[in-house]
1. Across segment B:162-175, which residue is farthest from residue B:218 (Cα to Cα) among those that are surrounded by fewer than 24 Cβ atoms within 10 Å (Cβ to Cβ) and facing another protein chain (nearest Cβ under 7 Å)?
2. Kindly provide the set of residues from segment A:109-126 that are surrounded by fewer than 24 Cβ atoms within 10 Å (Cβ to Cβ) and either at negative phi or at pLDDT below 95 (or both), ordered by number.
3. Could you please let me know if residue B:203 is within 26 Å of residue B:297 (Cα to Cα), modelled with pLDDT of 95 or more and within 14 Å of chain A (Cβ to nearest Cβ)?
4. Quick check, is residue B:121 closer than 23 Å to residue A:127 by Cβ and facing chain A (nearest Cβ under 8 Å)?
5. Is there any pair linking a residue in segment A:37-56 that is more than 20 Å from residue A:102 (Cβ to Cβ) to one that is surrounded by fewer than 17 Cβ atoms within 10 Å (Cβ to Cβ) and at pLDDT below 95, with Cβ under 6 Å and at least six apart or on different chains, and which?
6. Output yes when any residue across segment A:10-27 is in contact with a helix residue (DSSP H, G or I) (Cβ under 6 Å, 6 or more places away or on another chain) and modelled with pLDDT of 90 or more, and no when none is.
7. Got a sec? Which of B:82, B:89 is away from chain A (no Cβ under 13 Å) and buried (at least 24 other Cβ atoms within 10 Å of the Cβ)?
8. Could you please let me know if residue A:144 is within 7 Å of chain B (Cβ to nearest Cβ) and either at pLDDT below 95 or within 26 Å of residue B:103 (Cβ to Cβ) (or both)?
């Protein structure tokens, strides 16, 4: 069954409001699985295919693709093929960045999402290649989706490339970690913000609405997420977030708690979420999206540390 | 000056037959430099930008993009924007693969093109990111080239993704090096052949002629290049080819000389080149292309070891 058929089957169902997120999440997993199956086709090296799967499944919170689908839903385009394929591609890029970020030459993280990091499970060489292959697969998934008009595919690819590469994408963000003179805002925007911006921008492209206001929403969310992540790194435990904590201090990286104190960091987080909610442009599902963001904020500020890692 | 202007300036000149390769090569360097400049734009991490430049300049023989342009020329489309941008993207993917292949978890090569490998010059972390950023840049360069029709860009992107990722691209080829049970033909086709096939297929797309016969030519060239590379690894010196020799034996990799002996490997190389020349489809510049391949073969079989490394 092709990606299109899966989407059609799901969209043909009738959901209650409470069921939708569950089914949307399940659909995302199926589409990710489908994308990986093409990479694991016969004739390829099986260990690399397994390492790629380990990098993507089981997933974390899938925050970025879920943000993409939430914005698309607010713009009445949740199940538009362009939103689905963008969500998949964004998660593949995110997984690629985690695999490379965990390598010994960066974080040297032993665990991710509560399991051994890819380089611990499969070796550094396969982890390196798994990241490379996932980057390629993210682009390939969009390129090959013939349900989308050519121009729409190119718009999505442009968003993905900007979010992944130089001078302002994830690679740039990780690159700032290798500089002695770091521009903090550039570092955070590139490393954490770029994929959140890609998620909201891609949703706008899928819904064929103006991108710029949604990019701003993505920027606020990315910044808020960075602050929340900094709080977790200082105050959570590896058991709760599925990866080592205290890494910012150990690696000499900037951290909002170190700069503002815990109370200050939490206040800053709330300010960012308020600004984000205020920035949501007029759209059919604006109220629902605001409610979702407010609910997510509650979790971030109170029980987030007990949720799965992103 | 934009990429388009550079191309137009060069194509407006009149070349003699002997001048063309020189100017074509110079144009390629300028286009590569232009592509890298976009990645090094203000606001990005400067050390990563420098590592990326180190990975691409000064270049080796630029065999893959030159093959792309040679096939495009044979099809009367040498300076078509699609051929130029494909040549650039293919070389960027090649450079990315070299940077990652040289890392300690793979070849641990200290030199490349007669200079320190990127990880030796800039550290493992920046070498990892330089490879990632170059992969993204390869796709981005094609995505953003508005001189090309959208459909043509997508065709080129499809070729690039297949050549770079899983299950049959460069990542797959390197992945075979991590398997205990290696399918030799799959390994060689993926690791070495994929970008040569991309070069000939992209040229066919640029010239808007049938791809399949040109893919076959690319396959022969890739196989021939692999055998020639195996011969160099056994019989050349690091000074002559700009990178360490004897790596296949040291790393327990398959090598045509080990399998067939030196005479057998050289005979096999000649057979592959003959098959390649016979496979060139009918096109305006068929005779010239055959002559180029025969000349290149002479170099491969006699003086290749004194030429710059690819």
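1. Ranking the qualifying residues of segment B:162-175, first place goes to B:167.
2. Selection gives A:109, A:110, A:111, A:113, A:114, A:115, A:116, A:120, A:121, A:122, A:124, A:125.
3. It is false that residue B:203 is within 26 Å of residue B:297 (Cα to Cα), modelled with pLDDT of 95 or more and within 14 Å of chain A (Cβ to nearest Cβ).
4. No; evaluated as a whole, the condition is false for this residue.
5. Cβ pairs passing all conditions: A:45/B:179.
6. Among the residues of segment A:10-27, at least one is in contact with a helix residue (DSSP H, G or I) (Cβ under 6 Å, 6 or more places away or on another chain) and modelled with pLDDT of 90 or more, which makes the answer yes.
7. B:82
8. So residue A:144 does not fit the description; no.
The values are calculated or read from the model by the stated rules, or taken from the named source; none is laboratory data. These figures come from a predicted structure and were not determined experimentally. Counting neighbours? That spans all protein chains shown, and the Cβs are built from the backbone with ideal geometry, glycine included.
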